[in-house]
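Visitor: Sharing a structure here in structure tokens format.
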Amino acid sequence: MDYTLLKTFTTVAHTGNLTQAAERLHLSQPAVSAQIKALEKKLDVALFTRTASGMMLTIAGEAFLPEAETLLQHHHQLDCFAKTLSQHYIATAELGLIHPAPPEKITALTRKILADNSNLQLHIQYGMSGEIEQRILEKQLHGGFFLGPVTHRGLRNIFLEDIHYSLICHQRDAETILKDLPCSLERYAWIEMSVVSSSRKYMQRFWRQHNISPKQQIVCDYPQTIIDLVCEGVGVAMVPEHKALSACKSGKPIVMLEDYRQTLPLNFIYLDEYAADPVLNILKDGVQSIWGK
């Protein structure tokens, strides 16, 4: 079975969209469409139904997908093994990190991975959840941390823990805000992260839930700067609870509004195709050991 055709098929199946699949495969949309047609002709069966909203798997396509994924896993496993035959081979683990992940656990994870695998090079890349997800889908990372539910069909996940978020404001604004909740929150600038952050999506859901329409929004992708801006009275923000508590303990002039909290799941995610990857399994074993899964 042609690896290229299988890879194109699974990518279209996972995205449900020819344009998105073409971008991920670095091909033109007509080329992707032609490869799907070639595979359907080879198998003599329709794998997709073309709809106005995208590409939907047929019953045959649904049955074929897990078999194709298994073949791609074996292909990747063979590729990994072949690399180890090189005289100069050095294994490198590419790990994606997001700021809500508890720093003490990340430190413990790093120590364990390096202690158990002395010849492994560990490369930790920072990003926001959407960026980490995209890098994993593009095979730039073996795995990484992700905040929120995992919905992409091509990804697997390990649930680690719930991350609690707290709404914070400057001390001098707390009394005024508390007198007229939630309406008072509309009168303040909201400091938030950009759209590639999972917390941004849940922030918008929070606004809808409480019927809040902020008059001013500030986008800032650096977590510590968000807290610093609140400390200067620039606005309010929803931040990981452990960061808010740390700021309070260090004497920062902020107040945590206890009635307005959110909880988001922290997951470790990886590409289905990499399920048998030995380097990924090192990361998975470390993550499961530190988080007690």
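The values are calculated or read from the model by the stated rules, or taken from the named source; none is laboratory data. This one's a predicted model, so the numbers in the text were calculated from it and none came from an experiment. Note that each Cβ is placed from the backbone with ideal geometry, even for glycine, and that neighbours are counted across all protein chains shown. Accessible surface areas use protein heavy atoms only, side chains included; no ligands, DNA or RNA. Shrake-Rupley method; radii C 1.70, N 1.55, O 1.52, S 1.80 Å.
Visitor: To the nearest 10 square angstrom, how much accessible area does L280 have with a 1.4 angstrom probe?
Guide: 0
Visitor: Taking the Cβ of Q20 as the center, what net charge do the other residues with Cβ under 14 Å away carry, scoring Lys and Arg +1 and Asp and Glu -1?
Guide: Here the count lands on -1.
Visitor: A further question on this structure: Please list R24, R172 in order of solvent-accessible area, largest first, computed with a 1.4 Å probe with all protein chains present.
Guide: R172, R24
Visitor: For the pairs K139/K201; K7/K41; K42/K139; K201/K249; K179/K249, note any where the Cα-Cα span goes beyond 20 Å.
Guide: Going by Cα-Cα distance, K139/K201; K42/K139; K201/K249; K179/K249 fall outside the 20 Å limit.
Visitor: Mind pulling the angle between the C-alpha long axis of helix 198-209 and the longest principal axis of the chain? Nearest 10 degrees, somewhere in 0 to 90.
Guide: 60
Visitor: Report, largest value first, the span of the C-alpha coordinates of the stretch 34-182 along each principal axis, in whole Å.
Guide: If we take the Cα atoms of the stretch 34-182, the spans are 70, 52, 22 Å.
Visitor: Where the only charges are on Cβ atoms (+1 Lys, Arg; -1 Asp, Glu), what is the dipole of the stretch 136-293 about its Cα centre, to the nearest 20 debye?
Guide: Computed charge dipole of the stretch 136-293: roughly 180 debye.
Visitor: Using only Cα atoms, tell me the angle between helix 59-84 and the longest principal axis of the chain; keep it within 0 to 90° and round to the nearest 10.
Guide: The answer is roughly 90 degrees.
Visitor: Provide Rg over Rh for the chain; use the alpha carbon set for both Rg and the Kirkwood Rh (inverse mean inverse pair distance).
Guide: 1.05
Visitor: Still on this model: In the stretch 33-91, carbon and sulfur make up what percent of the accessible area (probe 1.4 Å)?
Guide: For the stretch 33-91, the apolar C and S fraction of the accessible surface comes to 60 percent.
Visitor: If N is the number of residues in the stretch 80-165, what value comes out of its Cα radius of gyration divided by 2.2 N^0.38 Å?
Guide: With N residues counted in the stretch 80-165, Rg over 2.2 N^0.38 Å equals 1.21.
Visitor: Let me ask something additional. Lys/Arg Cβ at +1, Asp/Glu Cβ at -1, dipole of the stretch 32-102 taken about the Cα centre: which of M56, I36, L97 is farthest positive-ward?
Guide: In the stretch 32-102, that residue is I36.
Visitor: Antiparallel versus total DSSP beta bridges in the stretch 162-263: what percent is that, nearest 5?
Guide: 70
Visitor: Could you compute how much accessible surface S86 exposes when probed at 1.4 Å, giving the result in Å² to the nearest 10?
Guide: 60
Visitor: Show W190, W291 ordered by accessible area, largest first, where the area counts protein heavy atoms only and the probe is 1.4 Å.
Guide: Largest accessible area first, the residues go W291, W190.
Visitor: Further question on the same structure: Taking R0 as 25 Å, what FRET efficiency do you get between W207 and T263 from their Cβ-Cβ distance, rounded to the nearest 0.05?
Guide: 0.90
Visitor: Considering amide H positions built from the backbone, and no H for Pro or chain starts, which residues 5 or more places from I254, or on another chain, come under 5 Å of its amide H?
Guide: Q171
Visitor: Another question, then. What GluC sites (Glu not before Pro) does the stretch 132-168 have in DSSP loop regions with at most 16 other beta carbons within 10 Å?
Guide: Here the sparse-neighbourhood loop sites are E138.
Visitor: Tell me the trypsin sites (Lys or Arg not before Pro) within the stretch 41-139 that lie in a loop according to DSSP and have at most 13 other beta-carbon atoms within 10 Å.
Guide: Of the trypsin sites (Lys or Arg not before Pro), the ones in loops of the stretch 41-139 whose Cβ has at most 13 other Cβ atoms within 10 Å are K139.
Visitor: Another question, if that's okay. Evaluate the charge dipole of the stretch 105-183 about its Cα centre and quote only its size in Debye, nearest 20, assuming +1 on the Cβ of each Lys and Arg and -1 on the Cβ of each Asp and Glu.
Guide: 340
Visitor: In vacuum, with every alpha carbon of the stretch 164-251 counted as one equal point scatterer, what does the Debye formula give for log10 I(q)/I(0) at q = 0.18, 0.21, 0.25, 0.26 Å⁻¹? Two decimals, please.
Guide: -0.76, -1.06, -1.50, -1.59
Visitor: About the Cα centre, and with charges only on the beta carbon of Lys, Arg (+1) and Asp, Glu (-1), how big is the dipole of the chain? Nearest 20 debye, please.
Guide: 200
Visitor: Another question, if that's okay. Given contacts defined as C-alpha pairs under 8 Å and at least six residues apart, what's the relative contact order of the chain, whole-number percent?
Guide: 23
Visitor: If you don't mind, there's one more thing I want to ask. Tell me the Kirkwood radius of the stretch 3-85: reciprocal of the mean inverse pair distance over distinct alpha-carbon atoms, in Å.
Guide: Roughly 13.2 Å, rounded to one decimal.
Visitor: Could I ask something else about it? State, to one decimal in nm, how far the label point of I218 lies from the label point of H164, with both points 7 Å from Cα in the Cβ direction.
Guide: 2.6
Visitor: Using a 1.4 angstrom probe on the protein heavy atoms only, could you order D272, D44, D180 from most to least accessible area?
Guide: D44, D180, D272
Visitor: How far is the Cα center of the stretch 244-293 from the Cα center of the stretch 111-152, in Å?
Guide: If you average the Cα positions of each part, the centres end up 12 Å apart.
Visitor: Rounded to the nearest 500, what is the chain's calculated 222 nm mean residue ellipticity when only DSSP H runs of at least 4 contribute -39500 (n - 2.57) each, over all residues?
Guide: Calculated mean residue ellipticity at 222 nm is -14500 deg cm²/dmol.
Visitor: What are the ³J(HN,Hα) values, in whole Hz, obtained from phi via the Karplus relation 6.51 cos²θ - 1.76 cosθ + 1.60 with θ = phi - 60°, for each residue of the stretch 225-235 in sequence order, with x given for Gly and Pro?
Guide: 5, 4, 5, 4, 5, 5, 4, 8, x, 6, x
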